[in-house]
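Just below is one structure, and these are the notes that go with it.
The values are calculated or read from the model by the stated rules, or taken from the named source; none is laboratory data. Predicted model, so just to flag it, every value in this text is computed and none were measured. Because the Cβ atoms are built from the backbone with ideal geometry, glycine has one as well, and the counts that use them run over all protein chains shown.
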Amino acid sequence: MFTESSGLWGIFAAADLSRHDAVQLWMSAPFILLLVMIAMMPLAGKKLKRFWERFYPAISIAAGLVVAAYYVWLVPGGAHDVWHSVKEYVSFIALVGSLFVISGGITITLNGEATPKTNVIFLLFGALLSNVIGTTGASMVLIRPWMRMNRYRLSAFHIVFFIFIVSNVGGALTPIGDPPLYIGYLRGVDFFWVFEHANLPWAFVVASLLGVFYLMDLRSFRKAGARGLAAEKSAARMMCSVRGAKNIGWLLVVVCAVFLPGQVPAPARELLETYFVREIVMVAAAAASYFRTRPEIHAENNFSFEPIREVAFLFVGIFLTMVPALAYLTTHGEEIGAALTTPAHYFFAAGTLSGVLDNTPTYANFFDLIRSLVPEEIPEAAQVEWMTTSSNHEYNLLVVAVSLGSVFFGALSYIGNGPNFMVKSIAEAGRVKMPTFFGYIFRFSLPILFPVLCLCAMIFLSMPGTARKDDVAAVPVSEEKTEPPAAEPVSYTHLR
């Protein structure tokens, strides 16, 4: 659609304007401003709050268009970046929207109010399910039953821990779980590689969060008094019923559509992506589900399009305004990577950026940084196989660090991962008083999630680099299916 030889790109190329110099950090100002407005406007006075509630769609779109116009006209390669972001947004909203609509036609009812024990089991089930149908799929399917089973004592912390465990951390074991891992899979990381190498950190973080949740929920349960004791007895005979089960089929159609491009040859994959075939399949499945679901099921779920409407308008601005931030990460990646000296550094760097930016391109950039450490003797086609071989422990830790950081830190903020804001919107539609943008971060993410992730890094990712890349003895990988050579200890401070 856009070519480097067309339009203003040719003018800038003739002027020898460097893309590295053209992409500056200050260009991220609209992105930061939009985040501040999302965080602060709900706390403003009545007039400002009413103004925001009425005009936030126009504000978000306008901010995105201003950045897009500037980028297309004044940044070399900017049109390509903007178009890529538009495609990412279409894919995102098609996935989130279709899963939201389809899950709205599924009613899961658990008889008996949940106790702390049953709540922990439910969240653990959600964490496991996230690896089968993705964090977005699991979140959309389980959030309503989660709210329903805790309806007599539902608090903000119930929703926040759901976001922590089901919408983010849980999906860190398979490429189905979260988009960054799917990118790694498309680049050559074996399907079960992350599961084999990251199951212990995953179990530690999930168990730690469940432990904290149990203590908080036990306190809430005891405050419920006699009603809580009655619920505890009824929970022993808790039964599950499902209405709208036929929509599970449409749900599986959407999940399969996510992986459609990865299962076809490259030329066909490009064709599918160009014409948004995957997204059309998702929207068609959602439409079929919506029109074939009985109205009483939608009524029982209090289904409305307002939550997805809010997400759609806010994220169109977020996706467009964060283009400069992602481009800065790409063009200055080598400079950023030079400061990373241990796997823990990769974990926190990839994680922190994933908490405020799209975690998929963040993962891709840090994955490329790791590939740049591979000895030059290794053919490019064999680099991923080489650095994920079990004998290359240092590289294994780097890939694990980036994989876990990109997924775990998605829970850091409401915009860190796609399901987060959807879950928040659904909860607010159910009259749950949710914390503000900064309230979520300072009341929950930093005091609860972040210490757990720090412990995870200390226990599982502590390993200093001891040698330079140039010192690594490498043996080229043959075309046969032989095990790639092991690496000597590698330094993470020299990228080129």
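The table that follows gives values for the structure above.
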read-out	value
Inter-residue pairs, beta-carbon under 7 Å, first more than 15 Å from LEU357 (Cβ to Cβ) and in the range 23-40, second outside any helix (DSSP H, G or I), 6+ apart	ALA39/THR436
Qualifying positions in the range 189-213 - without any contact (Cβ under 8 Å) to a residue 60 or more places away in the chain and part of a loop (DSSP other than H, G, I, E, B)	PHE191, PHE192
Total residues in the range 285-302, condition surrounded by fewer than 21 Cβ atoms within 10 Å (Cβ to Cβ) and part of a loop (DSSP other than H, G, I, E, B)	2
Test result for LEU397, within 30 Å of SER372 (Cβ to Cβ), modelled with pLDDT under 95 and either part of a helix (DSSP H, G or I) or among the polar types (S, T, N, Q) (or both)	yes
Top-ranked residue in the range 111-123 [being surrounded by 20 or more Cβ atoms within 10 Å (Cβ to Cβ) and part of a loop (DSSP other than H, G, I, E, B); ranked as modelled with the lowest pLDDT]	GLU113
Some residue of the range 245-255 being charged (D, E, K, R), at pLDDT 90 or above, more than 20 Å from THR360 (Cα to Cα) and crowded, with 19+ Cβ neighbours inside 10 Å	no
Checking VAL206 against (1) loosely packed, with under 15 Cβ neighbours inside 10 Å; (2) of a type in the set (Val, Ile, Thr); (3) modelled with pLDDT of 95 or more, the condition it does not meet	(1)
Checking VAL242 against (1) aliphatic (A, V, I, L, M); (2) at pLDDT 75 or above; (3) in a helix (DSSP H, G or I), the condition it does not meet	(3)
Hey, VAL316 farther than 30 Å from SER462 by Cβ and in contact with an Asp or Glu (Cβ under 9 Å, 6 or more places away or on another chain) or not	no
Some residue of the range 335-344 being modelled with pLDDT of 90 or more and either under 30 Å from PHE100 (Cβ atoms) or part of a helix (DSSP H, G or I) (or both)	yes
Exclusive hit being of a type in the set (Gly, Ala, Ser) and closer than 18 Å to VAL90 by Cβ, set ALA299, ALA266, ALA257	ALA257
Near pairs, Cβ below 7 angstrom, 6+ apart or cross-chain, from the range 289-307 (at pLDDT 95 or above) to any residue that is surrounded by 12 or more Cβ atoms within 10 Å (Cβ to Cβ) and of a type in the set (Phe, Trp, Tyr)	SER289/TRP250
Top-ranked residue in the range 352-394 [being among the β-branched types (Val, Ile, Thr) and part of a helix (DSSP H, G or I); ranked as surrounded by the most Cβ atoms within 10 Å (Cβ to Cβ)]	THR362
Condition check for ILE108: surrounded by 19 or more Cβ atoms within 10 Å (Cβ to Cβ) and not in a helix (DSSP H, G or I)	yes
Of residues in the range 395-433 being of a type in the set (Lys, Arg) and touching a residue at least 12 places away in the same chain (Cβ under 8 Å), the one surrounded by the most Cβ atoms within 10 Å (Cβ to Cβ)	LYS424
TYR346 crowded, with 23+ Cβ neighbours inside 10 Å, among the aromatic types (Phe, Trp, Tyr) and in contact with a helix residue (DSSP H, G or I) (Cβ under 7 Å, 6 or more places away or on another chain)	yes
Residue match in the range 434-442 (condition: surrounded by fewer than 24 Cβ atoms within 10 Å (Cβ to Cβ), in a helix (DSSP H, G or I), touching a residue at least 12 places away in the same chain (Cβ under 8 Å) and of a type in the set (A, V, I, L, M))	yes
Hits in the range 146-188 (condition: of a type in the set (Val, Ile, Thr) and assigned to a helix (DSSP H, G or I))	ILE159, VAL160, ILE163, ILE165, VAL169, ILE183
Residue check, LEU25 within 30 Å of VAL283 (Cα to Cα) and surrounded by fewer than 16 Cβ atoms within 10 Å (Cβ to Cβ)	no
Matching residues in the range 333-391 - criterion: being small (Gly, Ala, Ser), under 24 Å from the mean Cα position of the chain (by Cα) and farther than 16 Å from PRO179 by Cβ	GLY333, GLY337, ALA344, ALA349
Residue ID - nearest to the chain's Cα centre (by Cα), chosen from residues in the range 126-141 that are farther than 21 Å from ALA429 by Cα and surrounded by 22 or more Cβ atoms within 10 Å (Cβ to Cβ)	GLY134
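Let's see how each residue does on (1) among the charged types (D, E, K, R); (2) touching a Pro at 6+ places or on another chain (Cβ under 9 Å); (3) buried (at least 20 other Cβ atoms within 10 Å of the Cβ):
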site	(1), (2), (3)
ILE143	no, yes, yes
SER167	no, yes, yes
GLY170	no, no, yes
GLY177	no, no, yes
GLU196	yes, no, no
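Yes/no matrix, rows are residues, columns are (1) hydroxyl-bearing (Ser, Thr, Tyr); (2) assigned to a helix (DSSP H, G or I); (3) surrounded by fewer than 16 Cβ atoms within 10 Å (Cβ to Cβ):
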{"position": "VAL36", "(1), (2), (3)": "no, yes, yes"}
{"position": "LYS49", "(1), (2), (3)": "no, yes, yes"}
{"position": "TYR56", "(1), (2), (3)": "yes, yes, no"}
{"position": "VAL67", "(1), (2), (3)": "no, yes, no"}
{"position": "VAL72", "(1), (2), (3)": "no, yes, no"}
{"position": "TRP83", "(1), (2), (3)": "no, yes, yes"}
{"position": "LYS87", "(1), (2), (3)": "no, yes, yes"}
